[in-house]
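Worksheet for the structure shown next.
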Amino acid sequence: MTVTSGSKVEVRLPSRLGFEKVAMSTAAGMAKLMGFSDDRIEDLKTAVAEACINAMEHGNQMNASIPVSVVLSMKANELEVKVMDNGTGMETPPPTPDIDRKMSGEEEARGMGMFLIQALVDEAEWVSGTGTDEQSFVRLVIRMNKENE
Amino acid sequence: MNKVQTANKVSQQQLTDANGQQITCLRFAGDISSASKDAVVGTYQALDKAAHKRLLLDFKGVEYLNSSGIALVIQVLMEANKSGQTVAICGLTPHFTKVFTMVGITKYATLYSDETAALAAL
C-alpha cells in the first residue's frame, strides 16, 4: 500500500468520555501506515486522547450533542492532528504539574493533559476561537523520528 | 446512558517478598480513567492502613490509561504517603513508564517492570 502525503481523515466524536479512544485508534492507524515506530505511536495516542478529553470537558462542557472534530493530515515525514471544539479556548494555560505540590494537596491531582501533550509531540499550539462561528482548536504535529529533528 | 469505557476491574492479592514479608497487591485491568475512582481510590481506601503497610499497584492488565487515571494514582500515593505506607508500581508499558517518570511519580513510588522484579527488590 502506498501512503500519499496530503491524505486527510476527519473524525467527529460526541463529547462523551471514552470516545477519545476512537480518535486515538484512528491516529495510531494512520501513523502505522506512515511507518511510525511503535514508541512514537504510543506518544501520539496519549497526546490525541488528552487533546480530545480537554476538548470534550473544557471546550464542549461535556455536552454530548456537540461534536469534537479531529482532522488528521499526513505530511511527508509527520502527522498533523487538529482537535476542534466549540469553547472559547484558555485564558491562561495551567501551570506545569508539580508532583510535590500535588502530593501536599496544594495543587489538584488532575490537570496534566496539556503538559503531557507538549512533552510527547513535536509541536503543540492552542488557538482560541469565539465559541460560536469560530472554533477553538489545538494543533499537534508529531514527526517520525523525534531524535533526528 | 450507554457506557463507552471498558469496565475497569481491580483484584487484591497478598504476596510475599524475597524476605518473607507481606505485600498487598492491587491488580488493575481494563480502563483507568476518570470513571475509575471507585476501582482505584475506593479499593485503596477500603484497606486497613495499619494492616497493609506495603502496597504494589500492578498495571499489567490495563488496556487504557489517561491523565485522569494517573491523577487517581497520585491520589493513592498522597494518602499512602500521609499514612506511612510504601507504594511500588509494576506492569506499566515502556510508554507509561516514561509518562509516570515525566510527571514525577518516581519520586514517591518505585517502578518495576513486573511483579517478579518488584518482589525481588522490595
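Identify the residue in region B:21-47 that is part of a helix (DSSP H, G or I) and either within 14 Å of another protein chain (Cβ to nearest Cβ) or touching a His at 6+ places or on another chain (Cβ under 6 Å) (or both) and, among all such residues, is nearest to A:Gly113 (Cα to Cα).
Step one: list which residues in region B:21-47 are part of a helix (DSSP H, G or I), which gives B:34-45.
Now restrict to residues that are either within 14 Å of another protein chain (Cβ to nearest Cβ) or touching a His at 6+ places or on another chain (Cβ under 6 Å) (or both): B:34-37, B:40-41, B:44.
On the way: B:Ser34: 13, B:Ala35: 16, B:Ser36: 17, B:Lys37: 18, B:Val40: 19, B:Val41: 20, B:Tyr44: 24 Å.
Among those residues, the one meeting the criterion is B:Ser34.
Answer yes if at least one residue in region A:39-57 is outside any loop (DSSP other than H, G, I, E, B), of a type outside the set (D, E, K, R) and loosely packed, with under 14 Cβ neighbours inside 10 Å, and no otherwise.
Start the filter on region A:39-57 by keeping residues that are outside any loop (DSSP other than H, G, I, E, B), which leaves A:39-57.
Pick out the ones that are also of a type outside the set (D, E, K, R) and you get A:41, A:44, A:46-49, A:51-56.
This time we only want the ones that are loosely packed, with under 14 Cβ neighbours inside 10 Å, so: none.
No, the conditions are met nowhere in region A:39-57.
Any idea how many residues of region A:30-59 are under 15 Å from the mean Cα position of the chain (by Cα), more than 20 Å from B:Ile70 (Cβ to Cβ) and either within 11 Å of chain B (Cβ to nearest Cβ) or without any contact (Cβ under 8 Å) to a residue 60 or more places away in the chain (or both)? Quick ask: steps written out before the conclusion?
Within region A:30-59, the subset under 15 Å from the mean Cα position of the chain (by Cα) is A:30-31, A:40-59.
Those still in the list that are more than 20 Å from B:Ile70 (Cβ to Cβ) too: A:30-31, A:40, A:59.
Cutting the leftovers down to either within 11 Å of chain B (Cβ to nearest Cβ) or without any contact (Cβ under 8 Å) to a residue 60 or more places away in the chain (or both) gives us A:30, A:40.
The number of residues fulfilling the criteria is 2.
Results for (1) modelled with pLDDT under 95; (2) more than 20 Å from A:Trp126 (Cα to Cα), shown as yes or no for each residue.
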{"residue": "A:Leu17", "(1), (2)": "no, yes"}
{"residue": "A:Ser25", "(1), (2)": "no, yes"}
{"residue": "A:Gly29", "(1), (2)": "no, yes"}
{"residue": "A:Lys32", "(1), (2)": "no, yes"}
{"residue": "A:Val68", "(1), (2)": "no, no"}
{"residue": "A:Pro97", "(1), (2)": "yes, no"}
Checklist entry - Looking at (1) touching a helix residue (DSSP H, G or I) at 6+ places or on another chain (Cβ under 9 Å); (2) at pLDDT below 95; (3) within 30 Å of A:Ser37 (Cα to Cα), can you tell me which one A:Glu149 breaks? => result (1)
Checklist entry - In region B:75-96, which residues are in contact with a strand residue (DSSP E or B) (Cβ under 8 Å, 6 or more places away or on another chain) and within 16 Å of B:Gln22 (Cβ to Cβ)? => result B:Ala80, B:Gln85, B:Thr86, B:Val87, B:Ala88
Next on the checklist: I'm trying to understand the selection: among the residues of region A:100-121, which are more than 7 Å from chain B (Cβ to nearest Cβ) and in contact with a Leu (Cβ under 8 Å, 6 or more places away or on another chain)?
Outcome noted: A:Ile117, A:Leu120, A:Val121
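The values are calculated or read from the model by the stated rules, or taken from the named source; none is laboratory data. The structure presented is a predicted model; accordingly, all values stated were derived computationally and were not measured. Here Cβ is always computed from backbone atoms with ideal geometry, including for glycine, and neighbour counts include all displayed protein chains.
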